[in-house]
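For reference, the structure discussed in these notes is given below.
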Amino acid sequence: MVHTPVLAREVIRFLRCRQGDITIDCTVDGGGHAEAILRACGESGRLIGFDWDDEAIAAARERLAPFGDRVELHHDSFVQGLQALAPNFANLVAGILFDIGVSAAQIERGERGMSYRHEGPLDMRMDRRSTKTARTLIDNSSWQDLARIIRRYGEEPRARTIARRIALAHQRRPIESTAELARIIEQSVPRPFRNKALARTFQAIRIAVNDELEEFEQGLRAAFPLLRIGGRLVVISYHSLEDRIAKETFRRWAVGCTCPPGLPQCICGGQSRFKILTPRPARPTSGETMSNPRARSAKLRAGERLG
């Protein structure tokens, strides 16, 4: 499956790619955004890419091979990758991109166990080197633990009911496949709410398996020191949990003075370190969502380092 990048034009516009720039693609996937960035930043531009999915890295290597040594790809989480770059790349990077979430290729491959629409083992790992799978998560969680996961990461109002049904079914025998889990969820909620409950519960378990939100928060913190003054950070997210993290982090960086309100003058010496470029997130056009339905829920936020 060829990777179709979401909001590619907007990514290039906000990254403001220029000749000789160093850009980091924290979630290189199949290389769609990376290819667009490399074309935009001229023959002297460089790109460093990370992905914890071995299949994504293999696809990106093939797609980006024509760019030769201008590309450096690593099969690694972006947190570990960014931290490893810190000693040599602090204050040098022109742009950093995060395209957060599960990819279309991962969803469509049943053996990855990401989707209730495709039968496969109960896996859901982004990084297949990890020993933590959806099955081991369910095996080692109480119904209360599962309810918290489904409520927090899926924002599912029927989390307790679904969690109890999963735990009860697991007591009878281990849940081994996506189809088995989907049937349990379907039996837990009224018919009109089943599709949303399925999507939310699978999302929640996947996020928990991969510690995705914690990874994203740590990744943003690790990314900021690498940006040069005037460097740009771009985030694409697909659901409210990730978008909220990006929004709140950007706002926190953009705050200057932290003195209590009412003081006649600033005494903290605080200065804003970040300029928000998207007061409202950029969204895909109707044309893009028609040609690439995955883009429908995408939101892009961007900012620039000031200091």
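FYI, it's all coordinate maths here, none of it is from the lab. Given the structure is predicted, the values throughout are model-derived calculations rather than measurements. Cβ coordinates were reconstructed from backbone atoms using ideal geometry, including for glycine residues, and neighbour counts include every protein chain displayed.
Return the residues of segment 84-107 that are of a type outside the set (A, V, I, L, M) and in contact (Cβ under 8 Å) with a residue 40 or more places away in the chain; say none if nothing qualifies.
Phe89, Asn91, Gly95, Phe98, Asp99, Gly101, Ser103, Gln106
Give segment 152-195 a look and list any residue that's among the hydroxyl-bearing types (Ser, Thr, Tyr) and part of a loop (DSSP other than H, G, I, E, B), or say none.
Selection gives Ser188 alone.
Matching residues to (1) surrounded by 11 or more Cβ atoms within 10 Å (Cβ to Cβ); (2) small (Gly, Ala, Ser):
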{"residue": "Gly262", "(1), (2)": "no, yes"}
{"residue": "Ala282", "(1), (2)": "yes, yes"}
{"residue": "Gly287", "(1), (2)": "no, yes"}
{"residue": "Asn292", "(1), (2)": "yes, no"}
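For segment 223-240, which residues satisfy the criterion of being in a helix (DSSP H, G or I), surrounded by 20 or more Cβ atoms within 10 Å (Cβ to Cβ) and within 15 Å of the chain's Cα centre (by Cα)?
Ala223
Cβ-Cβ below 6 Å, separation at least six or inter-chain, first residue in segment 119-133 and under 19 Å from Asp76 (Cα atoms), second among the acidic types (Asp, Glu): which pairs?
Matching pairs, first to second residue: Met126/Asp53; Thr133/Asp123.
In segment 97-114, how many are of a type outside the set (A, V, I, L, M, F, W, C) and either within 30 Å of Arg13 (Cβ to Cβ) or in contact with a Leu (Cβ under 9 Å, 6 or more places away or on another chain) (or both)?
6
Only residues that are of a type outside the set (Lys, Arg) and either surrounded by fewer than 23 Cβ atoms within 10 Å (Cβ to Cβ) or touching a Gly at 6+ places or on another chain (Cβ under 7 Å) (or both): list them for segment 102-112, please.
Residues satisfying the conditions are Val102, Ala104, Ala105, Gln106, Ile107, Glu108, Gly110, Glu111.
Under 7 Å by Cβ, and 6 or more places apart or on different chains, what pairs join a residue from segment 268-283 that is at negative phi with one that is of a type in the set (Phe, Trp, Tyr)?
Pairs found: Arg273/Trp253; Phe274/Phe250; Phe274/Trp253; Ile276/Phe250; Leu277/Phe14.
If only one of Ser115, Ser177, Ser188 is surrounded by 16 or more Cβ atoms within 10 Å (Cβ to Cβ), in contact (Cβ under 8 Å) with a residue 24 or more places away in the chain and in contact with a Pro (Cβ under 7 Å, 6 or more places away or on another chain), which one is it?
Ser177
Among Leu213, Leu220, Leu198, which is the only one that is farther than 19 Å from Cys26 by Cα, of a type in the set (A, V, I, L, M, F, W, C) and not in a strand (DSSP E or B)?
Every option except Leu198 fails the conditions.
Could you tell me whether any residue of segment 139-148 is polar (S, T, N, Q), more than 30 Å from Cys17 (Cβ to Cβ) and touching a Lys or Arg at 6+ places or on another chain (Cβ under 6 Å)?
The answer is no; no qualifying residue exists.
For Ile100, are the conditions met, namely being under 14 Å from Thr23 (Cβ atoms) and within 20 Å of the chain's Cα centre (by Cα)?
Answer is no for this residue.
What pairs come out if I take residues in segment 159-173 that are free of Cβ contacts under 8 Å to residues at least 60 places away in the same chain and pair them with residues that are part of a helix (DSSP H, G or I) and of a type in the set (S, T, N, Q) whose C-beta lies under 6 Å away, six or more apart or interchain?
The qualifying pairs are Ile162/Thr201.
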